[in-house]
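What follows is a set of notes on a single structure, which appears directly below.
The values are calculated or read from the model by the stated rules, or taken from the named source; none is laboratory data. The model shown is predicted, which means the values in this text are computed figures rather than measured ones. Cβ: placed from backbone, ideal geometry, glycine included. Neighbour counts: every protein chain shown. Calculation scope for accessible area: heavy atoms of the full protein, side chains included, ligands and nucleic acids excluded. Shrake-Rupley method; radii C 1.70, N 1.55, O 1.52, S 1.80 Å.
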Amino acid sequence: MMPRIQAIGLGVPQYCVPQRAVQDMVAQRFAAAFPEIQRYLTIFRHAQIDTRYLVRPLEWWHEPRSFAECNAVFIEAALDLSCQAIETCLQPLDLTPNDIDHIVVVTTTGLAAPSLDALLMQRLGMPPQTRRTPIWGLGCAGGLGGLNTAFDYLRAEPTQRVLLLNVEFCSLTYLADDFSKRNLIATSLFGDGVTAVLLEGDQVKPRNQAFGEIVATRSHLYPDSAEIMGWNIVNSGFEVVFSSRIPSIVREQFRPLLEQFLAQHGLNRADLGRYLLHPGGAKVVQAYQESLQLSDADLAVSRDVLRTYGNMSSATIFFVMQQALAAKPLAKDEFGLLAVFGPGFSAELGLIRGV
């Protein structure tokens, strides 16, 4: 037996914004910097996103906001939506935050000191001896980076429960005075969301059917690749960095990395029943498909999450997992693959099995 993913709670902001509305705002703001703006706006259609959820109404971004103002919104929304996701996660199991032994909080879209885990412990009245681990800077890879941390902890402490939170408000990193092509592309892609994931050691008696047990995890950092994805920290906030090379890297590098990971555990691709892949963008999903010759059905949930929510950085992988496995649970001993790429340039992989 291994640590289990026992429950997932989702938190989304109240403002559901159609992609066309974001496109219209960008057309107005970027027109002076892009004389052929209509040609560039095709990226909004190619993104294959219909809606996104934002922590503020779209009009809020019509004027530049300071980093201090955006970060204050980040902390406020992080606490509110984290509590919502935690309740959704724990309440069906008749658990409370007091039943949690260790809280892990992942984010890359805002800052807090004391860190969010400490602020949440205070708000929720959690025991002061609760262990806590804040993780910052992993971007999209942070969902599985946090899962890896929880997995390692629970192998050492099999009688305990870990609550993993992924808190990402990508909209707050938008710089209204950055008229670069990369900022325009980011505006077509990112959304806001929070997930709360309950993980339990194998000596904790389960209260419901688990999503699956974690069999193994893998981290991989590509050498000399820091310029591929991330943020530059500038006076006004977070300046987005990502390369047009990302889909080609995924297309070329994902398959050998996956096959090496599986071989370490006596498996091959034929042993995988489900693919739970982070939809970093439509081109990235297509790159996954081409790399592994996957069917449209294999990637249907990844594409549906992208269409409905956009890319919510580290939280997105658990939206995919919750939607896919709530609709069709893993069969006993069926293997599922979790995978995501992020800043570094890096990859995080996870292997889960139905119980």
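A compact table of results
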read-out	value
Residues of the stretch 5-40 satisfying the condition of being open to solvent by less than 10 Å² (accessible area, probe 1.4 Å), modelled with pLDDT under 90 and of a type outside the set (Phe, Trp, Tyr)	VAL26
Count - residues of the stretch 199-219 that are farther than 15 Å from LEU325 by Cα and either open to solvent by less than 10 Å² (accessible area, probe 1.4 Å) or free of Cβ contacts under 8 Å to residues at least 40 places away in the same chain (or both)	5
Matching residues in the stretch 84-101 - criterion: being in contact with an Asp or Glu (Cβ under 8 Å, 6 or more places away or on another chain) and open to solvent by 10 Å² or more (accessible area, probe 1.4 Å)	ASP101
Hits in the stretch 220-242 (condition: in contact (Cβ under 8 Å) with a residue 40 or more places away in the chain, on the phi > 0 side of the Ramachandran plot and more than 18 Å from the chain's Cα centre (by Cα))	GLY237
Pair list, Cβ < 8 Å and 6+ apart or interchain, from the stretch 109-135 residues that are closer than 30 Å to LEU175 by Cα to residues that are assigned to a loop (DSSP other than H, G, I, E, B) and aliphatic (A, V, I, L, M)	LEU119/ALA112; LEU120/MET126
Test for GLU290: is it acidic (Asp, Glu) and touching a Gly at 6+ places or on another chain (Cβ under 9 Å)	no
Check on GLU259, closer than 30 Å to VAL355 by Cα, assigned to a helix (DSSP H, G or I), among the acidic types (Asp, Glu) and open to solvent by 40 Å² or more (accessible area, probe 1.4 Å)	yes
Total residues in the stretch 76-110, condition assigned to a helix (DSSP H, G or I) and either at pLDDT below 95 or among the charged types (D, E, K, R) (or both)	4
Residues within the stretch 288-326 that are open to solvent by less than 10 Å² (accessible area, probe 1.4 Å) and under 21 Å from LEU138 (Cα atoms), tallied	16
All helices (runs of 4 or more DSSP H) inside the stretch 1-49 with 3 or more residues being touching a Leu at 6+ places or on another chain (Cβ under 9 Å) and touching a residue at least 40 places away in the same chain (Cβ under 8 Å)	19-30
From GLN322, GLN253, residue being in a helix (DSSP H, G or I), more than 22 Å from THR187 (Cα to Cα) and at pLDDT below 95	GLN253
